Amino acid sequence: MKEAVFRFVEDGDSVVMGAALEAAIPFATGHEIIRQRKKGLTLIGPISDMLFDQMIGSGCIKKVIAAWVGNVIMGVGYNMRRAVEAGIPKKIEIGDYTNFTISLALHAGALGIPFIPTKSLLGTGMISEGQPFKEMECPYTKEKLALVPALKPDVAIVQAQRADEEGNTHFWGGSGVTKEAALAAKKVLVVVEEIVSKKTIQRDPNRTLLPGFLVHAVIPEPWGAHPSPMQGYYNRDHEEYMTYHQDSRDRKGYLKWLEKWVSGVKSREEYLNLLGEEKMKSLLLKRHRRSLPVDYGY
């Protein structure tokens, strides 16, 4: 993890994270970015959850392009609020998108086109001065359209269940705009619960969200999405979301949390030791719901 972040995430990069919305959020990678003290980053993501709030509070971030930043269970992100209202720890720029326009912008980036039309923004306050969205008349139908400019991140960080050593990546459950994010980005880092054989990937090809030729690095990092859930591996740690909400209410409390859970640990392994075996066991699956087998024979 440490080496991959050092090699592929540079100061000033635009980074798309948390593209699967409220699940599979790459907390381990975000924490490593904080530990490496990356600067001037632009974060891109639809929901982003409290990972963006943590990275904003660490001073890594120059701009956020998102539909929402906060704490998915408790609501407000206090670091986001402090940065916008008081410039603590530093002032950040905000690109205000909707979930749908984030997906359209990444899709346009994946297609290699400068923008993509939609009707969903028409008649809303999203098309206003300072916003990146424009209006045009369709050259074919003469109807009014809203235009969403393409987003082409420098790096996409994808959290998934498993991949082989070549980066062919299996994902199941709600993937949000993960595929669009990876296709739009210049570099793709995949973080997985486990590395499996190429044969395992090939036996279920329809579950392959990303082909290996798109992936620049694949990183095995069990529990890399905690406290968000990873379908088929562990559930959401509701308690951690509530604890962070209380700890981050003021700057002093946040810095104390940061030292304990991020700056004060050298790796995800140390983080999990701090989390504790009992807590990890409590988050494991309670009921298994296995998919039916299919036959790819010929």
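Read the figures in this text as sums done on the coordinates, not as results from a lab. Remember, it's a predicted structure, so these values are computed and weren't measured experimentally. In this analysis, Cβ positions are derived from the backbone assuming ideal geometry, glycine residues included, and neighbour counts consider all displayed protein chains.
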I'd like the full set of residues that are part of a helix (DSSP H, G or I) and either touching a residue at least 24 places away in the same chain (Cβ under 8 Å) or out of contact with any helix residue (DSSP H, G or I) (no Cβ under 8 Å at 6 or more places or on another chain) (or both), limited to region 256-274. 258, 259, 261, 262, 263, 268, 269, 270, 271, 272, 273
Every residue in region 78-111 that is basic (Lys, Arg), surrounded by fewer than 17 Cβ atoms within 10 Å (Cβ to Cβ) and more than 18 Å from residue 14 (Cα to Cα), please. 81
Starting from residues that are free of Cβ contacts under 8 Å to residues at least 60 places away in the same chain, closer than 29 Å to residue 281 by Cα and among the β-branched types (Val, Ile, Thr), keep the ones in region 204-239 and report whichever is surrounded by the most Cβ atoms within 10 Å (Cβ to Cβ). 218
Considering only region 173-201, state which residues are among the hydrophobic types (A, V, I, L, M, F, W, C), out of contact with any helix residue (DSSP H, G or I) (no Cβ under 6 Å at 6 or more places or on another chain) and in a loop (DSSP other than H, G, I, E, B). 185, 196
Scan region 238-255 residue by residue and report those that are under 19 Å from residue 30 (Cα atoms), among the small types (Gly, Ala, Ser) and in a helix (DSSP H, G or I). none
For residue 101, are the conditions met, namely being more than 18 Å from residue 220 (Cα to Cα), outside any strand (DSSP E or B), of a type outside the set (D, E, K, R) and without any contact (Cβ under 8 Å) to a residue 12 or more places away in the chain? no
Within region 281-298, count every residue that is in a helix (DSSP H, G or I) and either of a type in the set (A, V, I, L, M, F, W, C) or surrounded by 10 or more Cβ atoms within 10 Å (Cβ to Cβ) (or both). 2
